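The values are calculated or read from the model by the stated rules, or taken from the named source; none is laboratory data. The model shown is predicted, which means the values in this text are computed figures rather than measured ones. Please note: Cβ atoms are built from the backbone with ideal geometry, for glycine as well, and neighbour counts cover all protein chains shown. Remember, those area values only see protein heavy atoms, side chains included, never the ligands or the DNA or RNA. Shrake-Rupley method; radii C 1.70, N 1.55, O 1.52, S 1.80 Å.
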Amino acid sequence: MKALIGSRPELNDWVTFIPDFGFIQAGDTLSVSVSLKPTPEMKGHLSKFLLPETEAQQGVFQVPLQVTVPDQTLPIPFKLRFQPTTTDLHLSPTMLDFGRVPLNESAGVYLTITNPSLLPQLFSFGSKLPLGLRISPNSGYGQVLPGESLQLLVQFQPPISGLQYFGLTCRTLAGRLFKAEGKCEGLELDVTLSHNSIKVTALLAVVSKTPSAVI
């Protein structure tokens, strides 16, 4: 028995049935995969298939389709229902200004990642960050849930003196790239300390000790 998967011309740019026809033996089944490739133009072209929006349901399409069997008078109706969503991520701010920072010190700026999608998204800033740059937590790897905003701490220790600019690229599992920029002015101080921190060992209450640092 031959079965034809009846698509609609309006769906040709976005929906594919593989295979779109097949032969079924008695008592057997036919498996068909559906490939959906949504685009921003889809909503305008398929607006007549949009279901009424509610608080719990927005942007849902429902398309009536049918399977035709040549030896069968009535086709077999079915519905294709889908809800496309964006793969965007929003980075804020897109310019990270670390200000003026001495060469042997570091400054930090918070970067917020917001996911407007209806699906969780995995992201990464890669393993080869600009020299002197660190991202925490998890070295810039993570997952942001639908509607969630995450804060990452971006720290930069200038490797050279003077004004410097660098770029950051956030990659997602969907293959999208989102960019931010950073700037910092590295300062070579005329006055330095021999130690950035002074540690004092444990002492008895009646004993004193004076640590020192050289300027």
Query - Residue check for residue 36: surrounded by 12 or more Cβ atoms within 10 Å (Cβ to Cβ), of a type in the set (A, V, I, L, M, F, W, C) and under 16 Å from residue 66 (Cα atoms) - result: no
Requested in this report: Determine, yes or no, whether residue 92 is under 30 Å from residue 161 (Cα atoms) and touching a Ser or Thr at 6+ places or on another chain (Cβ under 6 Å).
Outcome: yes
Query raised in the report: From the residues in the range 83-109 that are among the β-branched types (Val, Ile, Thr) and in a strand (DSSP E or B), which one is least open to solvent (accessible area, probe 1.4 Å)?
Result: 101
**Report entry** Residue match in the range 111-123 (condition: of a type in the set (Ser, Thr, Tyr), closer than 28 Å to residue 160 by Cβ, without any contact (Cβ under 8 Å) to a residue 40 or more places away in the chain and outside any strand (DSSP E or B))
**Finding:** no
Query raised in the report: Is it true that some residue in the range 19-30 is under 34 Å from the mean Cα position of the chain (by Cα) and either open to solvent by 90 Å² or more (accessible area, probe 1.4 Å) or within 30 Å of residue 116 (Cβ to Cβ) (or both)?
Result: no
Query - Any chance residue 34 is touching a residue at least 60 places away in the same chain (Cβ under 8 Å), closer than 13 Å to residue 82 by Cβ, out of contact with any helix residue (DSSP H, G or I) (no Cβ under 7 Å at 6 or more places or on another chain) and not aromatic (Phe, Trp, Tyr) - result: no
Report task. Report, ordered by the first and then the second residue, all pairs with beta carbons closer than 6 Å, sequence separation of six or more or different chains, a first member in the range 174-186 that is touching a residue at least 24 places away in the same chain (Cβ under 8 Å) and farther than 12 Å from residue 130 by Cβ, and a second member that is open to solvent by 60 Å² or more (accessible area, probe 1.4 Å) and of a type in the set (D, E, K, R). Result -> 185/100
